[in-house]
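*Asks:* This is the structure, below, for whatever I ask next.
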Amino acid sequence: MRRGVADRDGGVLVIQPLPGIGDMMWHLPHLHAIARAEPEGRVSVLTKPRSQADRLLAADPAVGEVIWLDRERGRGRHDGWRGIWRLAAELRRHRFRKVWLLHDSLRYAMAAWLAGIPERVGYGRGGQRLFLNHPVALPGAEQDAHPIDKADRLLRRCGLEPLAEPPLMVVEGACAERIEARYGALPGPWLTIGVGSSEAVKQWGGERFTRLIESLEGRGFGTLFVVGGPAEEGLVAEIVERLGAQRRVEPVVGVPLMEVAALLRRCALYVGNDTGILNMAAALGVDALGLFGASPPLMHSPHIHPILPPAGREGMAAIEVAAVVDRIVGMRGA
């Protein structure tokens, strides 16, 4: 349920329940800004397990504890009306003195109120406003903004500046050492290709990734890494088989998330599907080319460079290999 050191004597809680890795990466500037402004110098975070915040934030000095929010429909201990009471009881044990709600939901504001948290800051949308007591909230005209924009605006109205200059993510030294021991002798510069995808419609496909790697031969990269999670083991194997023994690539499959972060930090460039790993690369200050054929392009980081289908076309299959190669060559001068 928890990771890190608990702030049990008047600490600050940030509630960020959006579930993905990318969602947590988006909110790192806000977590850091709040931690800098509070006397404790750090915050606790309430979020969902899919965010993998316990791993992503393990080395981050701004985060003292990760508390899991269990909202699995029908059986999660924090689901339904009884779940609000259970969540409030758990939060009460921490004796937080302040909570920041980076979400619109009424339930989390109610749980914070029931938990007796003295100071409650949030967007103030609808009924949520009844359970907040901080004088600053977002006006109605700003309530429908993108989650990143809303968090930015709330903090600025409270006099905080969410600085988004990477690196935002802190990599554990032991993970960096393991990556160095495993791959440090390989020639640079390194390029990482991320083939993972949370949804089938966001997947560019093994055949296109293979042609991309073939097209990058002689373009100035020393080593190409093909990265995927356990679900992509077959896809990575397919790409390696398609390439054949004469083209060397390094498959990286099922590696712990923080070791992936350490690998990304060493890379000159990243290219891949719209996933949390794309956001991790950007948070580490690595220029990341994102393939956005089935989702809106992300614009929150100057290190994310969206690649879209040609005008009048849509879908991942519409993104041409040649267009991706041109962007890579243009960015690297390869």
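The values are calculated or read from the model by the stated rules, or taken from the named source; none is laboratory data. What you see is a predicted model; the values in this text were computed from it and never measured. Heads up, the Cβs are rebuilt from the backbone with ideal geometry, glycines too, and the neighbour counts pull from every protein chain shown. In case anyone asks, the SASA skips ligands and DNA or RNA and just uses the protein heavy atoms, side chains included. Shrake-Rupley method; radii C 1.70, N 1.55, O 1.52, S 1.80 Å.
*Asks:* Rounded if a/c is under 1.5, else prolate if a/b is larger than b/c, else oblate: which is the chain, with a ≥ b ≥ c the root eigenvalues of its Cα gyration tensor?
*Replies:* The shape class here is prolate.
*Asks:* Turning to a different aspect of this structure: Separation between the residue 144 and residue 215 pseudo-spin-labels, each 7 Å from Cα along Cα→Cβ, expressed in nm?
*Replies:* Each label point is offset 7 Å from its Cα along the Cβ direction, giving 3.9 nm.
*Asks:* Ordered by packing density, taken as the mean number of other Cβ atoms within 10 Å over each peptide's residues, highest first, how do 61-73, 24-36 rank?
*Replies:* Result, highest mean Cβ count within 10 Å first: 24-36, 61-73.
*Asks:* If you average the sequence gap of Cα pairs under 8 Å that are 6 or more apart and divide by the length of the chain, what percent do you get for the contact order?
*Replies:* So the answer I get is 15 percent.
*Asks:* As I understand it, the dipole of the stretch 184-297 uses +1 on the Cβ of Lys and Arg and -1 on the Cβ of Asp and Glu, about the Cα centre. Which of 196, 244, 229 lies farthest toward its positive end?
*Replies:* 244
*Asks:* In addition: So how far apart, in nm, are the two label points at residue 200 and residue 85 if each is 7 Å from Cα heading toward Cβ?
*Replies:* 4.3 nm
*Asks:* Could you let me know the centre-to-centre spacing of the stretch 126-155 and the stretch 194-227, using Cα atoms, in angstrom?
*Replies:* 40 Å
*Asks:* Taking only Cα atoms, what is the 0 to 90° angle, nearest 10, from helix 28-37's long axis to the longest principal axis of the chain?
*Replies:* 40 degrees
*Asks:* With charges only on Cβ, +1 for K and R and -1 for D and E, what is the dipole size of the chain about its Cα centre, in debye, rounded to 20?
*Replies:* 1060 debye
*Asks:* How large, in Å, is the stretch 1-96 by the Kirkwood hydrodynamic radius built from its alpha-carbon pairs?
*Replies:* Here the Kirkwood hydrodynamic radius works out to 13.5 Å.
*Asks:* Next question, about the same structure. Could you point to the residue in 103, 28, 283 farthest towards the positive end of the chain's charge dipole, with +1 and -1 charges on the Cβ of Lys/Arg and Asp/Glu respectively?
*Replies:* The listed residue farthest towards the positive side: 103.
*Asks:* Compute the angle between helix 173-183 and the longest alpha-carbon principal axis of the chain, please, reported from 0 to 90 degrees and rounded to the nearest 10.
*Replies:* The helix 173-183 is inclined about 10 degrees to the chain.
*Asks:* Also, I was wondering about something else. Along the charge dipole of the chain, pointing to its positive end and built from +1/-1 on Cβ of Lys, Arg, Asp and Glu, which listed residue (210, 115, 58) has its Cα farthest out?
*Replies:* About the Cα centre, the residue reaching furthest to the positive side is 115.
*Asks:* Would you please put 44-55, 182-193, 280-291, 108-119 in order of how densely packed they are, using the mean number of other Cβ atoms within 10 angstrom per residue and starting with the highest?
*Replies:* So the order, starting with the most tightly packed, is 280-291, 44-55, 108-119, 182-193.
*Asks:* How high is the relative contact order of the stretch 257-334, in percent, with contacts defined as C-alpha pairs under 8 Å that are six or more residues apart?
*Replies:* Values: 109 pairs, mean separation 16.5, N = 78.
Once normalised by length, the contact order is 21 percent.
*Asks:* On to the next question. With every protein chain left in place, what is the accessible area per residue of the stretch 40-132 in square angstrom, probe 1.4 Å?
*Replies:* Solvent-accessible surface per residue comes out at 44 Å².
*Asks:* Given charges of +1 on the Cβ of Lys and Arg and -1 on the Cβ of Asp and Glu, with all other atoms neutral, how large is the dipole of the stretch 182-251 about its Cα centre, in debye to the nearest 20?
*Replies:* It works out to roughly 240 debye.
*Asks:* Now for a different question. Let me check against my output: what whole-number percent is the relative contact order of the stretch 174-286, with C-alpha pairs under 8 Å and at least 6 apart?
*Replies:* 36 percent
*Asks:* Say each of residue 313 and residue 207 gets a label point 7 Å from the Cα, pointing the same way as Cα to Cβ; how far apart are those two points in nm?
*Replies:* 1.4 nm
*Asks:* May I ask what percent, to the nearest 5, of DSSP beta bridges between residues of the chain are antiparallel?
*Replies:* About 10 percent, rounded to the nearest 5.
*Asks:* Can I ask one more? For the Cα atoms of the chain, what angle does the longest principal axis make with the long axis of helix 257-266, in degrees from 0 to 90, nearest 10?
*Replies:* 60 degrees
*Asks:* With all protein chains present, how much of the accessible area of the chain (probe radius 1.4 Å) comes from carbon and sulfur, to the nearest whole percent?
*Replies:* Carbon with sulfur: 51 percent of the solvent-accessible area.
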